Amino acid sequence: MSTSRILSVLVLVALLAFPLIAPMYGLEFYISFVRRIFIYALAASALNLVLGYGGMVALGHAAFFGAGAYTVGILASEGVQSGLIAWPAAMLISGLLAFLTGAVSLRTRGVYFIMITLAFAQMIFYLFISLRQYGGEDGMNMYSPSSLPGIDLSNDLSFYYLVLAILLVVLFLFQRLVKARFGQALMGTRENESRMTTLGYPVYRIRLTAYTLSGAIMGLAGALLANHNLFVSPSLMNWTQSADLIIMVLVGGIGLLYGGALGAFVMLVLEEMLRNWTEYWHMPLGILLLLVVFFAPKGLAGLVRIRSAADPATTAKEQA
């Protein structure tokens, strides 16, 4: 068994055991904190699909994150508490928004693509601010979490394991996706778009499919965060949220399977620690980002050699 696989198993065992051990040491609060990390790991992994594997620098994915959260919040305020309805609806709405905005954005390239995704996200952000009946810029409260058969989301332990299971399933599906022909074609468009077009691949449709799928998973992450916080705010859709997710991917490892999850863990843990140490906690995080960019261009996941088997460049180097 490879070192990376052994490390993955050890991390999984630690995550499974943590909520059982934490109460023994008075760390019940951190069960909720780690669950929040899982949710952001899911969102960062969804962004990594388009940013890392597709080479699309999207600065508006927070719009899909917030749209998923608002879908659950609005449905709850209208009396729809079932997670079997609200969560797929969140994925559908966010996926539809990703499809509509991506259909336009993906016809541009470079800085124009970055700016148009940002513009769409800010339009959606201000749209939800204008919804006074759902709290406007003050956001809206949820008085109880979604209901699921056999699972009590008000129980920290049950919700923790549910979110962990969802994250693991999505990471597994992403792993299968990037190993499949579609994933290989997506990475091909990242490396050389003109060559893929010459070979007859429908580059636009491949990218739009990945963009839509990424948006749908972002919507699921937003639905989970709404239930975690029992509060939904337009700030989830602001461009700064998109920037935070991009930083998580860069720090964790762009184009690596566990990059988004590792980046979310590192950034949120450091943020929590530094907040208690200094009010200027942004500065050490900025220094960390600079160090990663200069000394670990593949991110922290690249340093510990936890990488996707679908990365052809990495595989070739290892075989050599």
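The values are calculated or read from the model by the stated rules, or taken from the named source; none is laboratory data. What you see is a predicted model, and the numbers here were worked out from it, not measured in a lab. Methodologically, a virtual Cβ is constructed for each residue, glycine included, from the backbone with ideal geometry; neighbour enumeration extends over all protein chains shown. SASA here: full protein model, heavy atoms, side chains in, ligands and nucleic acids out. Shrake-Rupley method; radii C 1.70, N 1.55, O 1.52, S 1.80 Å.
Listed values, structure above:
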item	result
Whichever residue in segment 271-302 is of a type in the set (Asp, Glu) and under 23 Å from the mean Cα position of the chain (by Cα) and, among such residues, is farthest from Asp244 (Cα to Cα)	Glu272
Hey, Ala103 under 15 Å from Leu47 (Cβ atoms) and in a helix (DSSP H, G or I) or not	no
Yes/no for Val80 being in contact (Cβ under 8 Å) with a residue 12 or more places away in the chain and under 23 Å from Tyr143 (Cα atoms)	no
Any chance Ala180 is among the small types (Gly, Ala, Ser) and buried (at least 19 other Cβ atoms within 10 Å of the Cβ)	no
Any chance Gly95 is open to solvent by 20 Å² or more (accessible area, probe 1.4 Å), under 23 Å from Leu171 (Cβ atoms) and of a type outside the set (S, T, N, Q)	no
Ala44 vs. criteria crowded, with 22+ Cβ neighbours inside 10 Å and over 21 Å from the mean Cα position of the chain (by Cα)	no
Pair list, Cβ under 7 Å, 6 or more apart: segment 25-38 residue over 17 Å from Ser158 (Cβ atoms), other residue open to solvent by less than 20 Å² (accessible area, probe 1.4 Å)	Ile37/Ala264; Ile37/Leu268
Residue list for segment 44-69, filter: assigned to a helix (DSSP H, G or I) and either at positive phi or aromatic (Phe, Trp, Tyr) (or both)	Tyr53, Phe64, Phe65
Which listed residue is open to solvent by less than 20 Å² (accessible area, probe 1.4 Å) and either under 28 Å from Leu162 (Cβ atoms) or in contact with a Cys (Cβ under 7 Å, 6 or more places away or on another chain) (or both), from Gly255, Gly188, Gly222	Gly222
Answer from Ala185, Ala180 - the residue that is over 19 Å from Arg36 (Cβ atoms) and touching a Phe, Trp or Tyr at 6+ places or on another chain (Cβ under 6 Å)	Ala185
Residue list for segment 77-92, restricted to those being within 13 Å of Ser146 (Cα to Cα) and either open to solvent by 20 Å² or more (accessible area, probe 1.4 Å) or among the aromatic types (Phe, Trp, Tyr) (or both)	Ser77, Glu78, Gly79, Val80, Gln81, Ser82, Leu84, Ile85, Trp87, Pro88, Ala89
Residue satisfying condition, being within 16 Å of Ser242 (Cα to Cα) and either out of contact with any Gly (no Cβ under 7 Å at 6 or more places or on another chain) or not in a helix (DSSP H, G or I) (or both), within set Ile85, Ile74, Ile114	Ile114
Conditions (1) surrounded by fewer than 15 Cβ atoms within 10 Å (Cβ to Cβ); (2) modelled with pLDDT of 95 or more: number failed by Ala14	(2)
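For (1) under 14 Å from Gly66 (Cβ atoms); (2) open to solvent by less than 50 Å² (accessible area, probe 1.4 Å); (3) outside any loop (DSSP other than H, G, I, E, B), each residue gets a yes or a no:
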site: Gln122; (1), (2), (3): yes, yes, yes
site: Tyr126; (1), (2), (3): yes, no, yes
site: Tyr161; (1), (2), (3): no, no, yes
site: Val170; (1), (2), (3): no, yes, yes
site: Leu173; (1), (2), (3): no, no, yes
site: Gln184; (1), (2), (3): no, no, yes
